[in-house]
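Student: My questions will all concern the structure given below.
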Amino acid sequence: MTFLLRMCERLNGKLDGVSVRDQNLNTTSLCSLLSSLNFIPFPWETMDKQNSTFGLWRTQSDQLPQMLSEPSAGGDSGNTGGDETHSRRRSSGGGTHSRKSSRQMVFASPGRSGGGGTHIRKTRSDQMKFELDDVGSGTALSRASSASFGFSFPFTGFTMPPDDIADSRTYDDDISEDLEGGTRKKFEIEPTLPIFLKFKEVSYKIVIKGITSTLEKDVLNGISGAVSPGEVLALMGPSGSGKTTLLSLLGGRLTNPDPGGSITYNDQPYSKFLKSRIGFVTQDDILFPHLTVKETLTYAALLRLPKTLTKQEKEKRASDVIRELGLDRCQDTMIGGSFVRGVSGGERKRVCIGLEIIINPSLLFLDEPTSGLDSTTALRIIELLQDIAETQKTVLTTIHQPSSRLFHKFDKLILLGKGNLLYFGKASEAMLHFSSIGCSPLIAMNPAEFLLDLANGNINEASVPPELQDMVGNSQTETKCEKPTPTVVHDYLVEAYETRVAEETKKELMVPAPLDDDIKSNVQSMKREWGANWREQYSILFWRGLKERQHDYFSWLRVTQVLVTAVILGLLWWRSQVHSPNELDNQAGLLFFIAVFWAFFPVFTAIFTFPQERAMLNKERAADMYRLSAYFLARTTSDLPLDLFLPMLFLLVVYFMAGLRLTAGSFFLTMVTLFLCIVAAQGLGLAIGAMLTDMKKATTLASVTVMAFMLAGGYFVKDVPIFIAWLRYLSFNYHTYRLLLKVQYETISPVIDGIRLDSGLKEATALGIMVFGYRLLAYLSLRRMKIG
């Protein structure tokens, strides 16, 4: 009772009129009073004094602070430093800002030694609990802090028998925890080559070509800054301010046209070697929708990790990343997309981050990683970036409109407005800078919102500096305005930064990176480092493509389309057997339709291949995941097994219903002819899609081409004019139709409609040339695009 009253006296005025000598305050009323102050004792009154068990105290989850461990006054001073191993202290305006993990909070206790001590950690309900190991060992509970009132009180003399501890244990440190479940494990990744990134007077222009004129537009104007290993730099600004452009320039993803200024990595210019040291997470989640989380990360590990690692080691690395990112529960779930149900938005974003950190990059760039996520998930993503930075990684991220919690997680900040630099420095000092130039918020608000208002030229909720008022007063066109226009505000902020902060930034950029010359020279290597040889790249991409596209090929819609068409044809040409040349005309129409259908169908499937996969191809080639030749060959050959299924199903229905030539040789040759036609038509579709990445243009060109080939196929027009006769030799319909006639009717007549039924070697050779020729054209078109 006395202990509780003494504790109450430390509430600093929260319990007016209550003292130790107040005899009218009993235990029940005191517990009720403490409960109203968000302190909930349980189970207090039923405690068994013989077993010396004690009541655990916990605070409400919405009032939990993020605290660093602090040594107890009566504890062992030799162990007070161990709890601060993962804390990084940064000075901010004379104060101290500590970076810490929000996954597990450790509190020192009296008599703590070795692995003992009292640990307080977050559970899935976000409540603080005391681990029971230290309680049973006789260690006294030292101190608990309240987020609401900021006081502490001692617990002394409570112990618990070991048997009770074993029965009460419910938490295990080895349990995998999910980021979205309330707690997460400390993200651990091995150190790598530290890279100091500096950029000075970076500018970038784009050329807008009109019908009659050409216009140059400035996207970035003289942007300078620096970020070191262990820091997180945030790029903030309104939409269209140049955040993504700057991030792409710094990440080496945007080189045409050449930017102005200088960008150095450990005081060296960009080189191809850095591709294997840079991770770049794009704003759009570019993933294969039909692959699972585990398959996506495993294929990336097999392609990107060094050749010195075995396949088993690469797969283990992928599993480690899955566990570290808290993706265990969804590792066997498909990624999903617009029309495919899959993982959540936060999980998809973590998969994208995992694809980049799997190579242990020195530099990590992220383009708006929190867009579309709720505030809690966004906070955990940023905390994940903090943990990555703590392993001496350099992290840069663009962010659109962060919450106040997110804003205070950043080490450095760049604020952009209309392509100009409005602020660069410590994020914690941004508000001080704008206050020093007379721009202070008039109401309590999120610092990020205030900065974005300033970047937009909106100072309706901010104080107006005298200089700005003078500028408005001296303007003849704006004398009637109470507030300065956004243009005037923007010019004032740019001038204020250049006069107050820019010189300090330039001095900082002149300081060389604190690294040895040997380490600096490493980033100058021009040799590419492939994670796998050409054969391994082809094999990995082949099986990945087969697994991804089997869902499209075997979709019920496509199978139904082919089967319904086959049944209709079989009914229309039901048992139309041919025994003489006079009966050929009826069945020849069926053969020509088969040739046209299996030319038209693959063309319009293949033209969408490269336009749809161009974003993925650009992303993976920019990261040097594989050679373009390995991708192209794997992409085209992985379709071949799938291309055999539907034609075989189609032919099994039509061939016997229509009563075509019932011999094994004829059926086999008909299948081979049809397969050659499909592969040749698919090559044409790939070539058109590679030359014209615009889907509307590609579809239009394919329609005209297929129609011309069909008309020149030799069925509608027998006597083609000499000046257009060359077109039929380019038509796969023409060669396929002639081959089908020779396979079916070589025993009936040597000549049919002027077509001599010879061995068919000439037509087969022509189709073979088309198979390789169209694909070579498609490959050269991809090369011309300079992807990656």
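The values are calculated or read from the model by the stated rules, or taken from the named source; none is laboratory data. This structure is a prediction, so every number in the text was calculated from the model and none was measured. Positions of Cβ are backbone-derived with ideal geometry, glycine not excepted, and every protein chain shown enters the neighbour counts. All accessible areas refer to the heavy atoms of the entire protein, side chains included, with ligands and DNA or RNA removed. Shrake-Rupley method; radii C 1.70, N 1.55, O 1.52, S 1.80 Å.
Student: Would you check which residues across region 502-513 are free of Cβ contacts under 8 Å to residues at least 12 places away in the same chain and either over 17 Å from Lys426 (Cβ atoms) or not charged (D, E, K, R) (or both) and list them?
Tutor: Of everything in region 502-513, those that are free of Cβ contacts under 8 Å to residues at least 12 places away in the same chain and either over 17 Å from Lys426 (Cβ atoms) or not charged (D, E, K, R) (or both) turn out to be Met510, Val511.
Student: Which is assigned to a helix (DSSP H, G or I) and at pLDDT below 85, of Asn586, Asn618?
Tutor: Only one candidate passes the filter, namely Asn586.
Student: Pairs, please: C-beta under 6 Å, at least 6 apart or cross-chain, first residue over 14 Å from Leu249 (Cβ atoms) and in region 218-229, second in a loop (DSSP other than H, G, I, E, B) and open to solvent by 30 Å² or more (accessible area, probe 1.4 Å)?
Tutor: Taking only residues 6 or more apart or on different chains, the pairs are Ser228/Phe196; Pro229/Pro194; Pro229/Gln392.
Student: Working carefully through the options Arg304, Arg329, Arg317, find the one that is more than 15 Å from the chain's Cα centre (by Cα), at pLDDT 90 or above and closer than 19 Å to Tyr631 by Cβ.
Tutor: Arg304
Student: Next question, about the same structure. From the list Thr699, Thr663, which one is without any contact (Cβ under 8 Å) to a residue 40 or more places away in the chain, open to solvent by 40 Å² or more (accessible area, probe 1.4 Å) and polar (S, T, N, Q)?
Tutor: Only one candidate qualifies: Thr663.
Student: For region 626-653: of the residues being part of a helix (DSSP H, G or I) and aromatic (Phe, Trp, Tyr), which is modelled with the lowest pLDDT?
Tutor: So, considering only residues that are part of a helix (DSSP H, G or I) and aromatic (Phe, Trp, Tyr), the one modelled with the lowest pLDDT is Phe645.
Student: Exactly one of (1) closer than 23 Å to Val501 by Cβ; (2) touching a residue at least 24 places away in the same chain (Cβ under 8 Å); (3) among the aliphatic types (A, V, I, L, M) is unmet by Ile388. Its number?
Tutor: That leaves (1) as the condition not met.
Student: For Gly326, work out the one condition from (1) out of contact with any Phe, Trp or Tyr (no Cβ under 8 Å at 6 or more places or on another chain); (2) open to solvent by less than 10 Å² (accessible area, probe 1.4 Å); (3) under 25 Å from Ile540 (Cβ atoms); (4) not charged (D, E, K, R) it doesn't fulfil.
Tutor: Gly326 satisfies all of (1) out of contact with any Phe, Trp or Tyr (no Cβ under 8 Å at 6 or more places or on another chain); (2) open to solvent by less than 10 Å² (accessible area, probe 1.4 Å); (3) under 25 Å from Ile540 (Cβ atoms); (4) not charged (D, E, K, R) except (3).
Student: Among the listed residues Phe600, Phe656, identify the single one that is in a helix (DSSP H, G or I), of a type in the set (Phe, Trp, Tyr) and under 44 Å from the mean Cα position of the chain (by Cα).
Tutor: Numbers: Phe656 fails: under 44 Å from the mean Cα position of the chain (by Cα).
When all the criteria are applied, what remains is Phe600.
Student: Pick from region 261-317 the residues that are touching a residue at least 40 places away in the same chain (Cβ under 8 Å) and among the aromatic types (Phe, Trp, Tyr): which of them is farthest from Gly342 (Cα to Cα)?
Tutor: Tyr265
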